[in-house]
Amino acid sequence: MVLETIKTQKLTFEQKVVSLARCAENSVDVLTKSEKLKEYMKEGIICDLFEGNAPYRPRYIVPDYELFMKQGSKFLNLEVASDIWEAINNLLILYKHVPSITTMPVYLGNIDYLLEPYIKDEEEAYRAIKIFLKHIDSTITDSFCHANIGPKDTKAGRIILKVMAELELPTPNLTLKYSDETTDKISIEAIKTALLTAKPSFANDKMFREDFKGEYGIVSCYNGLKVGGGANTLVRVRLGRLSELATSEEDFLKRVLPDVAKEMLNYIDERSRFIIEESGFYESNFLVKEGLIEKEKFTGLFGVVGLAECVNNLLKAEKKDERFGYSERANKLGIEIIQKLEDIVKTHKSAYAGSFFNNEHLLHSQVGIETDVNESPGCRIPVGEEPEMFEHIVASAPYHKYFPSGIGDIFVFDETYKSNPDAILDIIKGAFKHNLRFYSLYGANCDVVRVTGYLVKKSEMAKLDAGELVLRDTTILGKGARDNAKALERKLRNE
């Protein structure tokens, strides 16, 4: 495997380095696993999302970038910025030193708020922000990297949207935190940008702020996490495959689901334990020492995927009006399953989930991986089975309150909506009134598209199809999701 990685001509140098590091990490076996857990993992029911055998850093890190901008960094020898150029330079330097499961930062902060105080001349700020975003796209070669703007309308936010529409780059991913403070003007600009370049998504700011008691960041695909904290690990269960072990709905809810949840929670604890007690990360990393992150604001994520297939399998539903997203019985069973999981997860008190979270791990609606077949992301209605927009939102929204650490739906719009972005804004406002947590959109003719939660360029996937090297490893993941999960065949929403 090592020699094969060294010799391949299909990976860039940076991709080879990461792959070789993973080979080294996976050459040791330091985690305690029960025999039952091993069986679940062998059957592909429980999956640790390739985090490695010896985790030595948290999966997702959400630094307090506002604090960094106020104090600089002794470790990095950075003084507090005095102008827009020093501000972007300081941030770019810090990003280089923020790790994650991908080795690159998955969260860049509320970049409009971070840069707004330094905007004195808008033309100069435009040049600086354009350089800033181009640098990020070319050096953080992984579109799980995520920035936020909003909820307030700012000059920096408008410039960021303008530049992103011009550049059409997949990195960074972007979310607009939407609240009563968010003006229609910047919302419309965000929608116009999303129809061109698949970002930003819209986050229901009120829901996230209530869940995280204030400041939060949207990171990676659409994961909500506490600013100054993060997630040590994310382990997921494939509910569709799990349902095959049950003899009935009752058997699934009373025996099968609790059993797999127990094994998963113990495994989340074990992975978190190693990071906290043995890796030395929290004792040695400068992010901790300078107050940019705190261990007590980290938790573990209990991921679910394939709820639709699980429900359809248990009900043996084949006709459209019997299936998940359509049938009242199917939707009721879906909620019962998630409520059961929430009860189990909340009852499990862990020494390795921070006190900020009441020592509890969080439910996460996981977007899937490139090898998933017949397993829809999280709690989504399967691609190709989507109902009309209003019915889709009404069917999906009830699940969103259970997933503070992330859940979302994606909608593809016809080109005609470019001349009527107000209609999309009305949809988003209505969706949030129904307590939808996260809304993503893109235009049918975009080159940059949202795969399951991250962004990929169709033109880059075409290069990969032709056997060419590509800069971003997420292009490889996107190609797999396109080929295996029909991720780019979502229902087109016509005017």
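The values are calculated or read from the model by the stated rules, or taken from the named source; none is laboratory data. Just so you know, these numbers come straight off a predicted model, no measurement behind them. All Cβ positions, even for glycine, are placed from backbone atoms using ideal geometry, and neighbour counts span all protein chains on display. Heavy atoms of the whole protein, side chains included, go into the accessibility calculation; ligands, DNA and RNA do not. Shrake-Rupley method; radii C 1.70, N 1.55, O 1.52, S 1.80 Å.
Within region 366-489, all pairs of alpha-carbon atoms sorted by distance into 10 Å bins from zero give the percentages 12, 40, 34, 12, 1. Taking packing as the residue-averaged number of other Cβ atoms within 10 angstrom, the listed peptides 416-423, 221-228 run from highest to lowest as 221-228, 416-423.
Computed from label points 7 Å out along Cα-Cβ, the spacing between Leu20 and Lys185 is 5.3 nm. Helix content alone sets the calculated 222 nm mean residue ellipticity of the chain: runs of n ≥ 4 DSSP H residues at -39500 (n - 2.57) each, divided across all residues, give -12500 deg cm²/dmol. Full extension of the chain between Thr103 and Lys401 yields a length gain of 104.2 nm, computed as 0.36 nm times the residue separation minus the alpha carbon distance. Here Lys36 and Asp121 are evaluated by their C-beta separation; at R0 = 45 Å the FRET efficiency comes out at 0.10.
With an a/c value under 1.5 for the gyration tensor axes a ≥ b ≥ c computed over the alpha-carbon atoms, region 59-214 is described as rounded.
On the basis of the beta-carbon distance and an R0 of 41 Å, Lys262 and Lys486 show a calculated FRET efficiency of 0.80.
The candidate values were [x] 148; [y] 137; [z] 171; the one computed from these coordinates for volume of the Cα convex hull per residue in Å³ carries the label [y]. With the dipole of the chain worked out from charges on the C-beta (+1 for Lys and Arg, -1 for Asp and Glu) around the Cα centre, which of Tyr126, Leu195, Met461 lies farthest toward the positive end? Farthest along the dipole direction, towards plus: Met461. Starting from the Cα of Met389, step 7 Å toward the Cβ, then list every residue of region 398-418 with an amide N under 17 Å from that point. From region 398-418, the list is 409-418.
Over the chain, accessible surface divided per residue gives 41 Å², non-protein components excluded, 1.4 Å probe.
By its C-alpha gyration tensor, with a ≥ b ≥ c as the square roots of the eigenvalues, how is region 188-233 shaped: rounded for a/c under 1.5, else prolate for a/b larger than b/c, else oblate?
oblate
About its Cα centre, region 85-163 has a charge dipole of approximately 80 debye under the convention of +1 per Lys or Arg Cβ and -1 per Asp or Glu Cβ, with nothing else charged. Of the solvent-accessible surface of the chain, computed with a 1.4 Å probe over protein heavy atoms with every protein chain present, carbon and sulfur atoms account for 50 percent. Of the peptides 402-411, 21-30, the ranking by mean beta-carbon count within 10 Å, highest at the top, reads 402-411, 21-30.
Residue ranges 275-286, 7-18 sort as 275-286, 7-18 when ordered by packing (mean number of other C-beta atoms within 10 Å per residue, highest first).
Straightening the chain between Ala423 and Lys319 buys 34.2 nm, computed as 0.36 nm per residue apart minus the Cα-Cα spacing.
Over region 185-243, Cα pairs under 8 Å with separation of 6+ residues give a relative contact order of 15 percent. Computed about the Cα centre, the dipole magnitude for the chain is approximately 280 debye when only Lys and Arg (+1) and Asp and Glu (-1) carry charge, each at its Cβ.
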